[in-house]
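The numbers here are math on the coordinates, done by the rules we state, and not lab data. Bear in mind the structure is a predicted one, so any value in this text is a computation, not a measurement. For neighbour counting, all protein chains shown are included, and Cβ atoms are generated from backbone atoms with ideal geometry for every residue, glycine included.
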Amino acid sequence: MNASAATSDTGTKPRVEGEREAEILDGVIDTLIEVGYDRMTFDAVAGKVRASKATLYRKWPTKADLVVSALEHLKAQGGDDPHGLPDTGSLAGDLTFHYCDDPEFNDKSMQVFGAVVSAIHRDPELTTVFTERFMKPRMEQLREVIVRAQRRGEVGADADVDQLAGILPAAIAYRVMSTGQCPDEPFITSTIDQVMLPACRASVSDSGQK
């Protein structure tokens, strides 16, 4: 159904849903890539997707809501697995899939992620919405990867799982904020091999000495 023709139960307010919602969120993604978070406005999005600002505001009351909804939409396009990340049999394999082979982590998604992360320290509302709706669910998935590795003996029994799970996201966020560039596959694989895996092996050694 065309969104301009859809109405609420009262028949007075247009609804944004289905294909029209996806079209708008695709427009948000394109705008983020073109101009970045700071310069993205409701006016710019409305013009790109041929919608009124009032229609956008009714669905997404704030810029942060609109942008994080676009991130969620982009993730869903990659084929989100409700059962979590695949078990490849090793921590290195799980992390490489998650950050290098998962279709969610394509060039477009990393560009959008970079545009958002680079603006977080300037927008407290974006920080709150992004953390609650986007980062926490993904950190929980990553935490499960570490717990799974712990059961395989790749991570020490007494290791701080939350601290280990935060290593790669922190490295990626720092890369974006310090250089303005999205991490590429060589950077990610190097961080896995030289930072993440040694930290996990050290936790096993520490556990064995107790």
Check your understanding: Sorting Arg151, Arg201, Arg175 on the 10 Å Cβ count, fewest up front, what's the list?
Key -> Arg151, Arg201, Arg175
Revision key, fill the gap. Counting only residues 5 or more apart in sequence or on a different chain, those whose built amide H sits under 5 Å from that of Val155 are Gln150
Exercise for review: Rank the residues Lys53, Lys136, Lys75 as a footprinting-exposure proxy: fewest other Cβ atoms within 10 Å of their Cβ go first.
Suggested key: Lys136, Lys53, Lys75
Check your understanding: Want the number for Ile33 to Met177: 0.36 nm per residue separation, take away the alpha-carbon distance, what's left?
Key -> 50.3 nm
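Using the Cβ atoms and a cut-off under 10 Å, what net charge is assigned to the surroundings of Asp65, where Lys and Arg are +1 and Asp and Glu are -1? Could you put the intermediate results ahead of the total?
Values: positive: Lys59, Lys63, Arg133; negative: Glu125.
Computed value for this residue: +2.
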Exercise for review: Distance from a point 7 Å along Cα→Cβ of Glu17 to each backbone N in the stretch 38-75: keep the residues under 14 Å and list them by number.
Suggested key: 59
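In the neighborhood of Asp160, defined by Cβ-to-Cβ distances under 14 Å, what is the net charge if each Lys or Arg adds +1 and each Asp or Glu adds -1? List each step's numbers first, then the result.
Details: positive: Arg143; negative: Asp158, Asp162, Asp206.
Its environment carries a net charge of -2.
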Check your understanding: When Leu164, Leu74 are ordered from fewest to most other Cβ atoms inside 10 Å of their Cβ, what list results?
Key -> Leu74, Leu164
Revision key, fill the gap. Treating every alpha carbon of the stretch 106-147 as one equal point scatterer without solvent, the Debye formula yields log10 I(q)/I(0) values at q = 0.24 Å⁻¹ of -0.88
